[in-house]
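Participant: One structure, as structure tokens, below. Some questions next.
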Amino acid sequence: MNSITITAPKALKTISLVALTFMGSIMITSCGDDDDDGMMTEPTVELTGTYAQEDFMGRPGITTVFGGSATVKNDYNVTAPNPTARATFQPGFQAQLEGYHDVYGDALGVALDYEANILGLDAATFTTVLANFDALQVAPEGQTTYFNPTTGLALSGRALTDDVIDVSLTLMFGGTSGSRFDGNNGTPQLTSDGVGLGDRQFMTTFPYLEDPLN
């Protein structure tokens, strides 16, 4: 397929969060009953050996929703997040996206096709973005948000209050307006999982979550 260049929001940097598996033995020698000085030997960490990359961690929901099979999901998760390495996944992702619309179309008795989403991405471009750029992104300057409907800023990071699932469903089923299948005007509700923040309160300092309930 032809390569597609995606222009990210200004000042974005892509950060690949690479998970490494460290296999090492930790030997701790404690004092015995006959240890006169009562001192404990310092722990020794053994890190020699060969290490292998096992997985990439980014937005794992992408492969969960669009992977199609366990084999594809596993292959995707261990493939570097760049256009060259991920190009083979795009056609399958697009087929899954359009397949979801076919299923809902059959249920509604209408011909239903994917419509370019609120970011103006058609099916091929949207699934190219999903396939190539699942790594978390962060804007070192400006707003950090998964999507701001007021400004249209998207994927510049994620705030704790962002409803990532609703945004993702809107990108899939909301069409250009974001309200194509929002449960109104006789349409099914496909743009929200119906789960909000509830009574959660987030702090402004780490670890950001409210204190546990007693």
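Here, each number is a calculation from the coordinates, and none is a lab measurement. In this text the structure is predicted, and so the values were computed from the model without any measurement. Cβ placement follows ideal geometry from the backbone for every residue including glycine, while neighbour counts extend to all protein chains displayed.
Participant: I need the calculated FRET efficiency for the pair Thr88 and Phe206, taking r as the beta carbon distance and R₀ as 45 Å, to the nearest 0.05.
Facilitator: The calculated FRET efficiency here is 0.70.
Participant: Let me ask you something else. Compute log10 of I(q)/I(0) for the stretch 53-173 with the Debye formula, placing one identical point scatterer on every Cα and leaving out solvent, at q = 0.10, 0.13, 0.14, 0.18 Å⁻¹, to two decimals.
Facilitator: Debye output, listed in q order: -0.33, -0.55, -0.64, -1.02.
Participant: Using a 7 Å offset from the Cα along the Cα-to-Cβ direction at both Val138 and Leu197, what is the distance between the two label points in nm, to one decimal?
Facilitator: 2.1 nm
Participant: Ok, one more. Pulled fully out, how much extra length does the chain show between Val78 and Val164, if you take 0.36 nm times their separation in residues and subtract their Cα-Cα distance?
Facilitator: Extra length available between Val78 and Val164 comes to 28.6 nm.
Participant: Right, here's the next one. For Asn184, put the label point 7 Å out on the Cα→Cβ axis and report which residues of the stretch 71-115 keep their amide N under 20 Å from it.
Facilitator: It comes to 115, nothing else.
Participant: Something else: Once label points are set 7 Å from the Cα along Cα→Cβ at both Asp122 and Val110, what is their separation, rounded to one decimal in nm?
Facilitator: So the label points at Asp122 and Val110 sit 2.2 nm apart.
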